[in-house]
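Visitor: Can you keep this structure in mind? I'll have questions shortly.
The values are calculated or read from the model by the stated rules, or taken from the named source; none is laboratory data. Keep in mind that this is a model prediction, so the values were computed, not measured. Cβ sites come from the backbone with ideal geometry, for glycine too, and all protein chains shown count toward neighbours.
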Amino acid sequence: MAQLQEHGAIWFRNFESTKDAEGFRGFYEALQLNPCLDPIHTSGLRAMEPRKHAVYEAVNKPSLAGHFVGLHNESTFVKTATYGAFVCFEPASEGGGEFLVADGAKIVNDLDKDVLERIYNNKASGQSNLDLNFLGALPEGFRESTADFLQDLILKVVAPKFDMDLEMIYGADQSNPYRLQAIEHAQSPINKHPVTGQPVWFCNLHNHSRYLRDRRPCTVPEVGMTDVYSGDLSTIPYDDVRHINEVCERNIVSMSMKQGDVVLLDNYRVLHGRNTFKGDRKHAVTWFESCGEPLARGEVKDTPDDFMNTLINKTLV
Ligand SMILES: [Fe+2]
């Protein structure tokens, strides 16, 4: 744990036992890591791989192979996983799919102080689209009540599933009045590490910014598109977005994981992502809430996840 605290991530290589889910479970149990449930599991959006091992399949879907997953922490406004262990059961058969990490402390350190001050003061709000275009085809009178009903339903049913703190707003994007936008409440992009007190970049902008997604491989349909705004929902200056992107990418460490490799990371310190790939790829992830502290019997908490990712079912790396 001292190594993890110092470096933020540890790459375990050349282990035989971690080539399958059962061995991987033995690995994290030996380290006394206490898993927490993945919220996608709770929502029914994503299957747990071998059910009893709390191992969740990563984003290996062929439809998302050409989609670059940018840097993010596994977190919502109210919940954050403490540690994550990413395991490679099969590297991408035709190349790519490297696992990416970046040190949030270094990113804060490398950012231009004016940009940092601006985004710190303005805060950031994540947003995800749900296009409900069928509303436009409904008879007038019925349309409004249906729209209200859906807005309310999603807020009451979806948000608690992911323990999210958000608002649902129609027409905030003027290109489509039936676009229901889930908007996270404004939060600071900088976090104080809960153990070391280090200031760390803790923000999904690199993954969720519409400006950045439009300029790199992104196969997410418009209905699932995300963006990041300032806390007052104004646009973050593109010069700032480009600078943040450049600093994030400068700090990326790319890992070509082989079968059985595990990357254990401190989710408060280190952001993660994954490169595009070709062919079949089988990586998985388990999230942990603590290490070395036995859980009270029956106390299995939901894990955090990046709600934007979760909401549109395209998620983890
Ligand atoms: Fe993730």
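Visitor: Which condition from (1) at pLDDT 95 or above; (2) more than 15 Å from the ligand (Cβ to nearest atom); (3) not acidic (D, E) is the one that L100 breaks?
Guide: (2)
Visitor: Scan the stretch 273-280 and give yes if some residue there is buried (at least 21 other Cβ atoms within 10 Å of the Cβ) and over 23 Å from N191 (Cβ atoms), otherwise no.
Guide: Yes: one or more hits.
Visitor: Select from the stretch 256-285 the residues that are out of contact with any Ser or Thr (no Cβ under 9 Å at 6 or more places or on another chain) and under 19 Å from E74 (Cα atoms) and list them in ascending order.
Guide: V263, L264, L265, V270, L271, H272, G273, R274, H283, A284, V285
Visitor: If you take the residues in the stretch 117-134 that are part of a helix (DSSP H, G or I) and in contact (Cβ under 8 Å) with a residue 60 or more places away in the chain, which one is farthest from I236 (Cα to Cα)?
Guide: Step by step, filter the stretch 117-134, then rank; the result is Y120.
Visitor: Which residues, taken from the stretch 242-270, are more than 17 Å from the chain's Cα centre (by Cα), buried (at least 20 other Cβ atoms within 10 Å of the Cβ) and among the charged types (D, E, K, R)?
Guide: D261
Visitor: Could I ask something else about it? Checking the conditions here, which among D302, D232, D239, D227 is surrounded by fewer than 21 Cβ atoms within 10 Å (Cβ to Cβ), at pLDDT below 90 and more than 16 Å from the ligand (Cβ to nearest atom)?
Guide: None of the other options fit; the residue is D232.
Visitor: Can you work out which of the residues in the stretch 271-282 that are among the basic types (K, R) and part of a loop (DSSP other than H, G, I, E, B) is farthest from the ligand (Cβ to nearest atom)?
Guide: So the residue we want is K278.
Visitor: Within the stretch 1-20, restricting attention to residues that are aliphatic (A, V, I, L, M) and either loosely packed, with under 13 Cβ neighbours inside 10 Å or outside any strand (DSSP E or B) (or both), which residue is modelled with the lowest pLDDT?
Guide: Per the criteria, the residue is M1.
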